[in-house]
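The structure under discussion appears below in the form of structure tokens.
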Amino acid sequence: MLYQHFFNLINFFKRFILFLFCGLGLGVNAQDFNDLDSLFVDRDLDNYSIRIFTNFKVNKFSIKDDDDKAKFVPNNRYGLGLGFANRKIIVDVAVNIKNPNKNKTSRFDLQGSTIIKDQNYVKLYTQVYKGFNAKNNFDEPTEFRDDIRSVSIGLNFLHTFTPIEFSYSLLKAGLPEKNDRTIFVTGGVGVFAGFDYFSSDSSVLSETAQLYFNEEGNIKRYQSISLGAMGGVMSYFKLPYGITATLNFMPGIGFAAKKVTITDDQYYPSNPMLYKLDFLLGLNYNFDRFYVSLTYNNDLNSTQLGHGNSYLLNLTKAKLALGYKLGRAKKQ
């Protein structure tokens, strides 16, 4: 009965992906509806595992001039959850851990990446946060601001020069790769796009912090739309003692249309350049029926606000999972 519920959930997910692909104009046809059964559904119980995990997700940003830096960091950044995995898909459900002694950050945080048709790496994220700790490097007290809001939506796409001969799902699910290669490295080129926004009821800087910045640093609202090109390297390694690793490094450069609203005025920064760095590290260790999976991803976006001020957006996601394989124990 539980196994059938898994298939029902996967079928729903399959229809949703097809709907999304059609909406994006990716050329999905009728035959693809039949092919997706083999793409998303794993009917071999030996490939299934159940898992517990803890994760860390954060959307933080900072404003900086030559000497001073104000940064805004959310609370309740950790989660704890349960899930299941197989060769085709991983479904993890987490509960955000809230410290009763700290102010609560309201948040919606959805991040995911996949490999499509062997040579296309796609990462999507949508993050909506409200409530940040306002910190600084000039020794003023930290203050929690429940009026500061942040929205970040983005897409990273990389087309590799050669087929990607490993699977993120297999690494995270503790399953062996089909190929026997111990090292795999490929490069690629692609694009990125994003929408970024933050605002507050007044300046995001406190009255004390405003003394350290110029007038244009007293930002009440910031919004930008960015588009750019990126390159990168994706790699996979089989290490001793049943350890596998993956390392991705994807820098990018693009243009951003930016609008800044300060306390009693608004302006459009003249420098449109935006610089990006997307970095991912994954490690997996298998022993008998158990496996441990660790992934860490950091996506940095930097741009100038004009008048000597700069802005940095830092998107971070990490997950540590411990899984138990339901099928027969297999030699890795």
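Annotation: amide H-H contacts under 5 Å for Leu305 (H modelled 1.01 Å from N, sequence separation of 5 or more, or interchain): Ser310, Tyr311. Placing a pseudo-label 7 Å from each Cα along the Cα-to-Cβ vector at Val292 and Arg87 gives an inter-label distance of 2.7 nm. When restricted to Cα atoms, region 59-172 yields an Rg and a Dmax of 18.5, 52 Å, respectively.
Accessible surface calculations at 1.4 Å, restricted to protein heavy atoms, place region 81-161 at 53 Å² per residue. 3J(HN,Hα) couplings calculated from phi for region 201-209 with the Karplus curve 6.51 cos²θ - 1.76 cosθ + 1.60 (θ = phi - 60°) are, in sequence order, 5, 10, 4, 5, 7, 5, 4, 6, 5 Hz; Gly and Pro show x. Under 5 Å from the amide H of Arg145 lie the amide H atoms of Phe132, Asn133, Ala134, each residue being 5 or more positions distant or on a separate chain, with H modelled from the backbone and absent for Pro and chain starts. Mean separation of Cα pairs under 8 Å and 6 or more residues apart, divided by the residue count, gives region 223-332 a relative contact order of 21 percent. Using a cut-off of 23 Å between Cα atoms, the listed pairs Lys71/Lys130; Lys98/Lys130; Lys64/Lys102; Lys64/Lys258; Lys102/Lys123 include Lys64/Lys102; Lys102/Lys123 as exceeding that distance.
With 10 Å bins beginning at zero, the pair-distance distribution over Cα atoms of region 246-303 amounts to 18, 28, 22, 16, 11, 5, 1 %. Protein heavy-atom surface of region 87-144, 1.4 angstrom probe: 50% of the accessible area is carbon and sulfur, with nucleic acids and ligands not counted. Calculated on the alpha-carbon coordinates, the convex hull of region 272-332 measures out at 86 cubic angstrom per residue. Couplings for region 245-257, taken from phi via the Karplus curve 6.51 cos²θ - 1.76 cosθ + 1.60 with θ = phi - 60°, read 9, 9, 9, 10, 9, 9, x, x, 9, x, 10, 10, 8 Hz in order; Gly and Pro are left as x. Average 1/r across all pairs of distinct alpha carbons in region 174-290, invert it, and you get the Kirkwood radius: 18.0 Å.
Phi angles across region 153-161 convert, under the Karplus curve 6.51 cos²θ - 1.76 cosθ + 1.60 with θ = phi - 60°, into 3J(HN,Hα) values of 10, x, 9, 10, 10, 10, 9, 8, 6 Hz, Gly and Pro given as x. On region 182-284, 65 percent of the accessible area sits on carbon and sulfur atoms, based on a 1.4 Å probe.
The values are calculated or read from the model by the stated rules, or taken from the named source; none is laboratory data. All values reported here derive from a predicted model rather than from experimental measurement. Heads up, the Cβs are rebuilt from the backbone with ideal geometry, glycines too, and the neighbour counts pull from every protein chain shown. When the accessible area is computed, the model is the full protein with side chains, heavy atoms only, and any ligands, DNA or RNA have been set aside. Shrake-Rupley method; radii C 1.70, N 1.55, O 1.52, S 1.80 Å.
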